[in-house]
Every structure is written in structure tokens, then in C-alpha cells.
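One structure below.
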Amino acid sequence: MISLLKAKNLSFRYKKNSEKVLNDINLDLKKGEVVAILGLSGSGKTTLCHCLSGIIPHIYPGELKGEVKVMDNSIREMKLPKIAEKIGIVFQNPETQVFFPVVEDELAFGPENLCISREEIGDRIEKILSLLGREDLRYKKTKHLSGGEKQLTALASVLALEPEILIFDEVMTQIDEKGKKLIKDMIILLKEKGKSIVMVEHNLENAELADRKLLLKNGRLKEFAGEL
């Protein structure tokens, strides 16, 4: 299988006088694979998401050692717009990612910033909402959406950039059981479409769809043995 995202000997600390948050991390994500990274709160899961998505070092500074490669390209040397075309990240709280009053405008924002034509943007929006089975969301006001629908909207806005790799940072934490089912069904669908997914979770039930489970503890990543 083709390796799409690889971390090699990755270590990170936010300040030189602080302890390392990540220590000698190695990860290899294959095409069409769903990998769950499990860990308790404060274990560094979000920091790892930021490193894998290029938020570190491009937005958040610190001491970064080792490397992350996206399709054999160093993430340090890639510009953020180019990274966004390859990797999409969805955060725990959809309120931090949904800004526009109407769902259609939310989905169009990313592609507009990449100077994609209006016709192509319209086609992408239609295709993504059809893929998710939620064409009804297109003209809804985001303030009227449920938690699960907002999370789906955040995801759809990422999918509008057509990334091959998706990173979910505890996306099911703040939504109800109905919302969780929406997200899980969507993960199954995306896997069937050949997308590669990193799921970061502290809840084992949410990680049941993963092909592999890894544990992040004390800054190190290892195979999950059944206990957090």
C-alpha cells in the first residue's frame, strides 16, 4: 500500500525550557487506512495533530525535530495552501471552524481562497453533500444546525478542498449519540472512497472503526495494548 503521511523521529516542545510534548514519534499512514491514536487528556494528541497537519511549525512555533512527510514532501517546505489540498483537519469543537451564516458559504470559502472557479466550487459542494447524503444542508443557516450537523458541515468544508488525508481531533466529543452515528457513517463512507484517516480519540468506542489503534502516552507512540 502507498504511504501518504509519514512521521519519522518526530519530537516537539513549545519552549526550549519546557518538557517535550512529543518524543521520537514514528507513524506511517497508508492509502485507504483508518488509524486511531488513543490517549488521555493532556497526552499530546492535539499537538500531534498540529504537527501532522502543518499547523506546527507554520502557525505555532516551538522546537521541532524529526520530520513529517506528505506524499514524500517535507511538510516544513510546503506552503499552507498546498498542505490544505493534501491534508484536512477537523477539530473537536465545530464552533471554531464554522463561521458563515449559511452552509453553502462555509463550504465555498476554502476553494475560493485557492482561486477555484465558481462553477467548480458549485460542483464540489453538490458532490460533497451528495456523498454525505445531506443535500438538505446546503441552504440551511448554520446557527440552526445540531451539533452533529455542524460537525458534518466542518468536515464538508474540509472535503471541499479535496484532500487525500483527513485528521479528526476528537470530533465526536461534543455531540450526542445521533451525531456520533452521523460521523461514524461518514468515516466508513470516506474509507470506501479511498481516503486515509487519522482519528484522535480518548474514547475507545469512537475508535471501533479503525484498522489500527496506537497509544500516545508520555509523549511516545506505540501499539495499543487495550488500556489507556
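Some values worked out for this structure:
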| item | result |
| --- | --- |
| Count of residues meeting criterion [modelled with pLDDT under 95 and charged (D, E, K, R)] in segment 14-29 | 4 |
| Residues within segment 32-44 that are under 11 Å from Ile197 (Cβ atoms) and open to solvent by 10 Å² or more (accessible area, probe 1.4 Å), tallied | 2 |
| Residue match in segment 57-65 (condition: among the aliphatic types (A, V, I, L, M) and open to solvent by 20 Å² or more (accessible area, probe 1.4 Å)) | yes |
| Those residues of segment 105-136 which are under 19 Å from the mean Cα position of the chain (by Cα) and small (Gly, Ala, Ser), in sequence order | Ala108, Gly110 |
| So Leu29, is it open to solvent by less than 50 Å² (accessible area, probe 1.4 Å), at negative phi and touching a His at 6+ places or on another chain (Cβ under 9 Å) | no |
| Residues that are farther than 20 Å from Ile55 by Cα, open to solvent by less than 10 Å² (accessible area, probe 1.4 Å) and not in a helix (DSSP H, G or I), drawn from segment 149-186 | Met172 |
| The listed residue being more than 29 Å from Lys30 (Cβ to Cβ), touching a helix residue (DSSP H, G or I) at 6+ places or on another chain (Cβ under 7 Å) and open to solvent by 20 Å² or more (accessible area, probe 1.4 Å), out of Ser117, Ser146 | Ser146 |
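Every residue, every condition in (1) in contact (Cβ under 8 Å) with a residue 12 or more places away in the chain; (2) over 20 Å from Ile197 (Cβ atoms); (3) of a type outside the set (Val, Ile, Thr), yes or no:
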site	(1), (2), (3)
Cys51	yes, no, yes
Gly54	yes, no, yes
Gly62	yes, yes, yes
Gly66	yes, yes, yes
Val70	yes, no, no
Glu85	yes, no, yes
Glu112	no, yes, yes
Ser117	no, yes, yes
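The values are calculated or read from the model by the stated rules, or taken from the named source; none is laboratory data. Being a predicted model, the structure only gives us computed values, none of them experimental. Cβ sites come from the backbone with ideal geometry, for glycine too, and all protein chains shown count toward neighbours. Keep in mind that these areas ignore ligands, DNA and RNA; they rest on the heavy atoms of the full protein, side chains included. Shrake-Rupley method; radii C 1.70, N 1.55, O 1.52, S 1.80 Å.
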